[in-house]
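The values are calculated or read from the model by the stated rules, or taken from the named source; none is laboratory data. Just so you know, these numbers come straight off a predicted model, no measurement behind them. For neighbour counting, all protein chains shown are included, and Cβ atoms are generated from backbone atoms with ideal geometry for every residue, glycine included.
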Amino acid sequence: MLTFTLRRLSLFIFTMFALTLLSFSLSFLFPGDTVINHSGQINASATELAELNKSYRMDQNIVIQYGAYLTHILNGDFGLSAVNQSSISNDILKLLPATIELSLVALLIAMLVGIPLGFIAAIYHNKVPDSAILSLAMLGYSIPVFWLGLLAILFFSIGLGWLPSSGQISLLFEIDFVTGIQFIDILLSDSPYKWQAFRDASAHIILPACVIAVAPATIFIRLSRASMIDVLASSYIRAARAKGLNFRQIIFRHAIRNALIQIIRHVGLQFANLVTIAMVTEVIFSWPGIGRWLIESIYQRDYSAIQSGLLVLSCFIFMIHILIDFIYAGLNPLARGNKYGS
């Protein structure tokens, strides 16, 4: 396990080096002064500009400039937004938890829906339920997320009036910012309307989370179906049948737990896909997350915010990949071998 951990750690360091190098290079590709693209201080005076050039070592070679840029990043200094001159670090700390909350709820919905349907399709392999579930998965994967989001708002919010169409919580509730995760902040608050606020936040997150979860759920259907088919064809399942276990006992005692192990290793990839979908969905539902902030920064040509947002999102997604790798390695000791660890 130590070798596996060291390999994951070295891969993380190398990937972060590549990401910071890419972010650093963008400053030279964007129009305008490089040091202003780094810092975002578009209204800097001549004195401040000279201090910035000294801080970022712009009079030195490119390697020293990269080292200075990396020092600022490691100190949590992402510069200022070129649009409103606010601290990008504070914006990220404020907005990223909302994206994490929305993505985790969507991932939970995708797994709770997709994995059981995939298992049912595998159990009824090449039968009517299998064909119906695969057709449903193909349809769900083919629907564009922006069209699905607008359709969901039109039907469930405007037509039926069941769910709110935008925002994270109603303006009637004032919840203090503690962790940024709305549900946790509500539970930590001393408000006498805590549970009303909790229900209101739940109603706000259902629609965007379900829209985001559609595409990953269809992939989980295919992954769980393929995993269950492989497990049901394995030798230990045949041995369980030979012992006299009925089909229900085989499925619930042996097949499901072994099929789930194979699915876990793909959760990280689906989470990365899910965060990408969430960026578009946050714009449609006016969700106050980092994805909406990043897309608005692209429209406004806020180059310093674009660099920092891409770096933070990429780092976050890769950390999720590392976490999933460790969970999978803990559940499956064979995954700690040299082939997987490399």
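Side notes on the structure shown:
- Any hit, the stretch 285-308, residues being modelled with pLDDT under 85, over 23 Å from PHE30 (Cβ atoms), crowded, with 21+ Cβ neighbours inside 10 Å and of a type outside the set (S, T, N, Q): no
- Test: residue in the stretch 122-139 that is in a helix (DSSP H, G or I), buried (at least 16 other Cβ atoms within 10 Å of the Cβ) and polar (S, T, N, Q): no
- Hits in the stretch 157-211 (condition: in contact (Cβ under 8 Å) with a residue 60 or more places away in the chain and not in a loop (DSSP other than H, G, I, E, B)): GLN182, PHE183, ILE205, LEU207, PRO208, ALA209, CYS210, VAL211
- Any hit, the stretch 223-236, residues being touching a helix residue (DSSP H, G or I) at 6+ places or on another chain (Cβ under 6 Å), in a helix (DSSP H, G or I), touching a residue at least 24 places away in the same chain (Cβ under 8 Å) and of a type in the set (D, E, K, R): yes
- Residue that is surrounded by the most Cβ atoms within 10 Å (Cβ to Cβ), among those in the stretch 237-256 that are in a helix (DSSP H, G or I) and among the small types (Gly, Ala, Ser): ALA255
- Which numbered condition PHE4 misses (of (1) aromatic (Phe, Trp, Tyr); (2) under 28 Å from TYR299 (Cβ atoms); (3) at pLDDT below 80): (2)
- Where LEU112 falls short, out of the listed (1) within 30 Å of the chain's Cα centre (by Cα); (2) part of a helix (DSSP H, G or I); (3) outside the structural domain of ILE261 (by TED's automatic domain parsing): (3)
- Residue that is nearest to the chain's Cα centre (by Cα) [pool: residues in the stretch 259-276 that are at pLDDT 80 or above and more than 26 Å from SER314 (Cβ to Cβ)]: LEU260
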